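Working notes, beginning with the structure itself.
The values are calculated or read from the model by the stated rules, or taken from the named source; none is laboratory data. These numbers were taken from a predicted model, which means no experiment stands behind them. Cβ placement follows ideal geometry from the backbone for every residue including glycine, while neighbour counts extend to all protein chains displayed. Protein only, heavy atoms only, side chains kept; ligands, DNA and RNA dropped before computing areas. Shrake-Rupley method; radii C 1.70, N 1.55, O 1.52, S 1.80 Å.
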Amino acid sequence: MLVGNGASKVSQVAAPHNYLTKPEEGGTLVIAAGNNPIRGAYNTSLKAFPEIGVHYGDATNLVNIPTGSQSKVIIENPNGFDPLNPEILRVVKEGGEIEITGIKSNKEFFNIYSGKVEVPKGFEIIEVGEIPENFQKQGFRTDGDLIGQKDGVGVPKKTDKIIRIRKIKK
């Protein structure tokens with residue numbers, strides 16, 4: 001639903017369960033949300049779950065999201081894509097942040113966390129560290145199994161590390 005804000009531009013109101021139906025200027029974008037959307041954000045995943053507020057979105061092709069429009073991009077335990085690829089970097093506004101959480105066994109995440117991958121030009125590190133246990137989240141594999149399990153066998157693992165980077169203002 002769209003409503004006027006008294007000016008000539010139109011702003012968006014969150015969907016019934018507080019999940020955005022479109023990317024919002026200055027908003028929060030969740031990439032690879034799967035079936036775990038974040039309230040107040042535009043949630044994307046390769047598999048859409050529109051009934052719970054997750055829309056189709058490819059982390060390497062974010063054509064429906066304007067350049068420099070997102071204040072925050074959240075990526076929980078990235079799998080199968082570079083969480084610092086040019087498309088993700090493109091949509092972050094100046095002063096905006098990318099927050100990536102993950103576990104040590106996730107190579108896409110850990111290569112950045114361990115410093116093997118440099119911070120992209122025009123960005124700076126805000127935080128690299130451990131997530132306190134009471135804030136850790138259970139992650140899911142692309143097949144729906146808990147991270148740490150395969151076909152229900154194994155010990156579930158929660159995301160326990162975080163990286164936050166900020167796009168430097170010019």
Which residue pairs have Cβ atoms closer than 6 Å, lie 6 or more positions apart in sequence or on different chains, and pair a first residue in the stretch 155-168 that is in contact (Cβ under 8 Å) with a residue 24 or more places away in the chain and open to solvent by 50 Å² or more (accessible area, probe 1.4 Å) with a second residue that is in a loop (DSSP other than H, G, I, E, B) and of a type in the set (Gly, Ala, Ser)?
-> LYS157/GLY148; ILE168/GLY122
State whether one or more residues within the stretch 106-113 are among the polar types (S, T, N, Q) and farther than 26 Å from GLY148 by Cα.
-> no
Restricting to the stretch 93-114, what's the tally of residues that are closer than 21 Å to ILE38 by Cα and in a loop (DSSP other than H, G, I, E, B)?
-> 1
Is it true that VAL73 is within 23 Å of LYS161 (Cβ to Cβ) and touching a helix residue (DSSP H, G or I) at 6+ places or on another chain (Cβ under 7 Å)?
-> yes
The stretch 133-170, subset of a type in the set (A, V, I, L, M, F, W, C), at pLDDT below 80 and not in a loop (DSSP other than H, G, I, E, B), residue farthest from the chain's Cα centre (by Cα) | VAL153
Taking the condition over 18 Å from ILE38 (Cβ atoms) and open to solvent by 20 Å² or more (accessible area, probe 1.4 Å), does GLU127 pass?
-> yes
Listed by first then second residue, the pairs whose first member lies in the stretch 52-70 and is farther than 23 Å from ARG39 by Cβ and touching a residue at least 12 places away in the same chain (Cβ under 8 Å), whose partner is aliphatic (A, V, I, L, M) and part of a strand (DSSP E or B), with beta carbons under 9 Å and at least 6 positions apart or on separate chains, are GLY68/VAL92
The listed residue being more than 20 Å from TYR19 (Cα to Cα), of a type outside the set (Lys, Arg), at pLDDT below 90 and part of a strand (DSSP E or B), out of VAL128, VAL117 | VAL128
Give the residue that is modelled with the lowest pLDDT, with candidates limited to residues of the stretch 93-103 that are crowded, with 24+ Cβ neighbours inside 10 Å and out of contact with any Pro (no Cβ under 7 Å at 6 or more places or on another chain).
-> THR101
Being in contact (Cβ under 8 Å) with a residue 40 or more places away in the chain and on the phi > 0 side of the Ramachandran plot is the filter here, so list the residues in the stretch 107-129 that pass it.
-> GLY122
Selection within the stretch 13-44 - buried (at least 19 other Cβ atoms within 10 Å of the Cβ), out of contact with any His (no Cβ under 8 Å at 6 or more places or on another chain) and of a type in the set (S, T, N, Q) = THR28
When you look at GLU51, is it under 23 Å from TYR19 (Cβ atoms), modelled with pLDDT of 95 or more, part of a helix (DSSP H, G or I) and acidic (Asp, Glu), yes or no?
-> no
Name every residue in the stretch 63-92 that is part of a strand (DSSP E or B), open to solvent by 30 Å² or more (accessible area, probe 1.4 Å), at pLDDT 95 or above and not basic (Lys, Arg), in order of residue number.
-> SER71
